[in-house]
Amino acid sequence: MSDGLDAIARHVNRVLAQQVRPLYLVLDDALRLGAWRGSPDPFGLPQLRQGMSLADALPLLATADPANREPQQWRFVELRPGHVSHVLGLPLPEGWGIALLDAREEHAAQQSRQQAAHELLLLRDERERLVRELEEANRLKSEFIGRMSHEFRTPLASVIGYTDTLRELRPDDQEVQYHLGAVGRGAGYLLNLVENLLDEARIEIDELTVNLGACDLYELGDEVEQLLRPVAEQKSLSLAWWFDGNVPTRVWTDPVRLKQVLINLVGNAIKFTETGSVSVE
């Protein structure tokens, strides 16, 4: 059993040694080299010879407390430009035992992770900035839509009011009634578009409300047909509109929203039909 463990330990040591290419040094108290094992090339050191001083190559040993006889460890030490190492120091009765471990790949991987983390932080900050700008743009757009819609409602309401007044003044003139009716329906349609803009602004700020109530489908259908028939006639289109016998007369819904849906659907049908007719069943 112990032979197997020894074999595993030797294998792991070989793999680690291949990765970190250790260099072992024995130095006296003056940091002169006494013995070594390994290659100095991965650490940017000159060719080693016995008795040479490594004080310039390992200045960090000068910072070690001579009274502290505990093993020392320094991580990611750049002994020479481009040569990053882990340095392990073992105080000896006379001098130091030093192990240098090549940490260039580990240091590059750490820098890559740090760079990636930094870029992620920058992306997060940029995303938060864009979200804030988008929210502000949506808020300003909603305010603009709401403000302009209210500005449009006042003159449209005036047009509708004067149209109704003129119809009352000329009740017997059928031609005048017909044209004033067309003006009123057109103004009402524009007013409906304005309400749609207001609804869009309310949707964006989560304030749209649905008001349920009894709705006469036949009456609502007649209103939409009268509103859109002049639009169809301007394009020389016929507009046919009828209800199936199974459709109930009254339903429980929001009449305003249903009217908007019908106007949008049938209005689009008229808009994108060049010739012929539009049928609503």
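Here the simple spin-label model places points 7 Å from the Cα toward Cβ, and for Arg147 and Leu212 these points are separated by 3.8 nm.
In the chain, the longest principal axis of the Cα atoms and the axis of helix 104-169 are about 10 degrees apart. Within straight-line reach of Lys271, meaning a Cα separation under 16 Å, sit the following aspartates and glutamates at least 8 residues removed in sequence or on another chain: Glu225, Glu233. Here the chain has 56 percent of its accessible surface on carbon and sulfur atoms, given a 1.4 Å probe and all protein chains in place. Over the chain, dividing the summed -39,500 (n - 2.57) contributions of all DSSP H runs of at least 4 residues by the number of residues returns a 222 nm mean residue ellipticity of -19500 deg cm²/dmol.
Which entry in (1) 0.96; (2) 1.56; (3) 1.04 matches Rg/Rh (Cα atoms, Kirkwood Rh) derived from the coordinates of this structure? The value computed from this structure is option (2). When the Cα centres of region 112-171 and region 20-92 are compared, how far apart do they sit, in Å? Answer, in whole Å: 68.
For Arg37 and Glu126, the FRET efficiency from 1/(1 + (r/R0)^6), where r spans their Cβ atoms and R0 equals 41 Å, is about 0.20. Structural descriptor for the chain: relative contact order 11 percent, calculated from alpha carbon pairs under 8 angstrom and at least 6 residues apart.
Rounded, prolate or oblate: which one fits region 236-281, using the alpha carbon gyration tensor with axes a ≥ b ≥ c (rounded when a/c is under 1.5, else prolate when a/b beats b/c, else oblate)?
Since a/c reaches 1.5 but b/c is at least a/b, the shape of region 236-281 is classed as oblate.
A Förster radius of 22 Å, combined with the Cβ-Cβ distance separating Arg80 from Asp29, puts the computed FRET efficiency at roughly 0.40. As an exercise, use a Förster radius of 45 Å and the Cβ-Cβ distance of Glu136 and Glu281 to find the FRET efficiency, rounded to the nearest 0.05. Once the sixth-power term is evaluated, E becomes 0.45. Projecting label points 7 angstrom from Cα along Cα→Cβ for Asp172 and Ser158 puts them 3.2 nm apart.
Excluding ligands, DNA and RNA, the accessible surface per residue across the chain is 66 Å² with a 1.4 Å probe.
The values are calculated or read from the model by the stated rules, or taken from the named source; none is laboratory data. The structure presented is a predicted model; accordingly, all values stated were derived computationally and were not measured. Quick reminder, even Gly has a Cβ in these numbers, built from the backbone with ideal geometry, and neighbours come from all protein chains shown. Surface areas here come from the heavy atoms of the whole protein model, side chains and all, with no ligands, DNA or RNA. Shrake-Rupley method; radii C 1.70, N 1.55, O 1.52, S 1.80 Å.
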